[in-house]
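Colleague: The structure that follows is given in the form of structure tokens.
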Amino acid sequence: IGFPAAIILHGPPGCGKTFAVEKLVEFLGWPSYSVSSGNVGSPYIHDTSRKISEMFDTAIENAPSVLIIDEMESFLTNRETAQTSGTHHVEEVAEFLRRIPEATKKKVLIIAMTNMIDSIDPAILRRGRFDHILEVDMPSAEEVEALLGHLLSALPVADDVSVKTIAKELAGHPLSDVAYIVKEA
């Protein structure tokens, strides 16, 4: 079995994409690096592309590692239809296009997340870059029940509290809402 190709998780806000990635990184125990507009975005010409390249270099140097691209639509929107700053955006997408296959070959697990899969550049979505595009939906009653069981395991709970009933009511809501309700209770 070869090293896994890059992965995209897409779905509505609050469905658990980030939580799932955090748990995977925790399980693997590999160093992880996050590419987000907050840590690589720059108002200076070519600086964003340089920072993206540096992030890939760091992940490769410390492989096996995980490179997380959160809110990938910030960097990887369709170059033909996006309302962006022109050639600088094209340069940033090109940097990702060049570096993703290289990093994967050097044992960097790349996981990208988005709420807007339809806006992502088709060259990014093709096989060889992101081979696995997985939709993450809002949690089912069973998934909510599992989270409630985990969250309530360390808390005192009255005998008449029905986790199954609460889970049915919260199915389809963001997992962050479930955690909030437990915290507030």
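The values are calculated or read from the model by the stated rules, or taken from the named source; none is laboratory data. Predicted model, so just to flag it, every value in this text is computed and none were measured. Note: ideal-geometry Cβ built from the backbone for every residue, glycine included; neighbour counts use all protein chains shown. Just so you know, the surface numbers come from the protein's heavy atoms only, side chains and all, with ligands and any DNA or RNA stripped out. Shrake-Rupley method; radii C 1.70, N 1.55, O 1.52, S 1.80 Å.
Colleague: Among Asp160, Asp137, Asp118, whose mean-square fluctuation peaks in a Gaussian network model of the chain (Cα, cutoff 10 Å)?
Modeller: Looking only at Asp160, Asp137, Asp118, the largest GNM fluctuation is found for Asp160.
Colleague: Could you report the chain's accessible area per residue, 1.4 Å probe, as an integer in Å²?
Modeller: Values: 10470 Å² over 185 residues.
Counting only protein heavy atoms, the per-residue value for the chain is 57 Å².
Colleague: Pull out the extension gain between Glu135 and Glu169, defined as 0.36 nm times the separation in residues minus the alpha carbon to alpha carbon distance; nm, one decimal. Let's see the in-between values first.
Modeller: On the way: separation 34, 0.36 × 34 = 12.24 nm, distance 2.29 nm.
Taking 0.36 nm per residue and subtracting the Cα distance, the gain is 10.0 nm.
Colleague: Ignoring any ligand, DNA or RNA, what whole percent of the accessible area of region 65-185 comes from carbon and sulfur when the probe is 1.4 angstrom? Walk me through the numbers before you get to the answer.
Modeller: On the way: 3670 of 6940 Å².
Carbon and sulfur together cover 53 percent of it.
Colleague: What is the calculated FRET efficiency for Arg126 to Tyr180, with r their C-beta to C-beta distance and R₀ = 35 Å, to the nearest 0.05? Kindly include the intermediate steps, with their values, before the conclusion.
Modeller: On the way: r = 39 Å, r/R0 = 1.10.
For Arg126 and Tyr180, the calculated efficiency is 0.35.
Colleague: Right, next: For region 129-137, take each phi angle, set θ = phi - 60°, evaluate the Karplus expression 6.51 cos²θ - 1.76 cosθ + 1.60, and give the result in whole Hz per residue in order, putting x for glycine and proline.
Modeller: 10, 10, 7, 10, 10, 10, 7, 10, 9
Colleague: With Kirkwood radius over Cα pairs in Å as the read-out, I listed (i) 16.7; (ii) 16.2; (iii) 18.0; which label goes with the value calculated from this structure?
Modeller: Structure-derived value, by its label: (iii).
Colleague: From the phi of every residue in region 166-183, what ³J(HN,Hα) in whole Hz does the Karplus formula 6.51 cos²θ - 1.76 cosθ + 1.60 yield, where θ is phi - 60° and glycine or proline is x?
Modeller: Computed from phi, the couplings for region 166-183 are 4, 4, 4, 5, 9, 4, x, 9, x, 4, 5, 5, 4, 4, 4, 4, 5, 4 Hz.
Colleague: Considering amide H positions built from the backbone, and no H for Pro or chain starts, which residues 5 or more places from Val35, or on another chain, come under 5 Å of its amide H?
Modeller: Long-range HN contacts for Val35: Ile68, Ile69, Asp70.
Colleague: Now a separate question. Could you give the length gained on full extension between Ala20 and Leu155, defined as 0.36 nm per residue of separation minus the Cα-Cα distance, in nm?
Modeller: Values: separation 135, 0.36 × 135 = 48.60 nm, distance 2.33 nm.
Contour length minus the Cα-Cα distance gives 46.3 nm.
Colleague: Here is a further query. Report the full-extension gain for the segment Val90 to Lys107: residue separation times 0.36 nm, less the Cα-Cα distance, to one decimal in nm. Could you put the intermediate results ahead of the total?
Modeller: Details: separation 17, 0.36 × 17 = 6.12 nm, distance 2.62 nm.
Here the answer is 3.5 nm.
Colleague: Per residue of region 8-25, in order, report the coupling 6.51 cos²θ - 1.76 cosθ + 1.60 (Karplus, θ = phi - 60°) as ³J(HN,Hα) in whole Hz, putting x for Gly and Pro.
Modeller: So the J values, rounded to whole Hz, are 10, 9, 10, x, x, x, x, 7, x, 4, 5, 4, 4, 5, 4, 5, 5, 4.
Colleague: Continuing with the same structure: Scan around Thr77 for amide H atoms under 5 Å from its own, H built in the peptide plane at 1.01 Å from N, and keep only partners 5 or more places away or cross-chain.
Modeller: Asp121
Colleague: Let me ask you something else. For Val136, list long-range residues whose amide hydrogen, built 1.01 Å from N in the peptide plane, is under 5 Å from its own amide hydrogen.
Modeller: Those qualifying (amide H under 5 Å, at least 5 residues apart or on another chain) are His10, Gly11.
Colleague: Shifting gears a bit: Testing the spin-label approximation: label points 7 Å from Cα along Cα→Cβ at Ile117 and Ser53. State their distance in nm.
Modeller: 3.2
Colleague: Please work out whether region 91-138 counts as rounded, prolate or oblate from its C-alpha gyration tensor, where a ≥ b ≥ c are the square roots of the eigenvalues and a/c under 1.5 means rounded, while otherwise a/b larger than b/c means prolate and anything else oblate?
Modeller: On the way: a/c = 2.15, a/b = 1.36, b/c = 1.58.
The shape class here is oblate.
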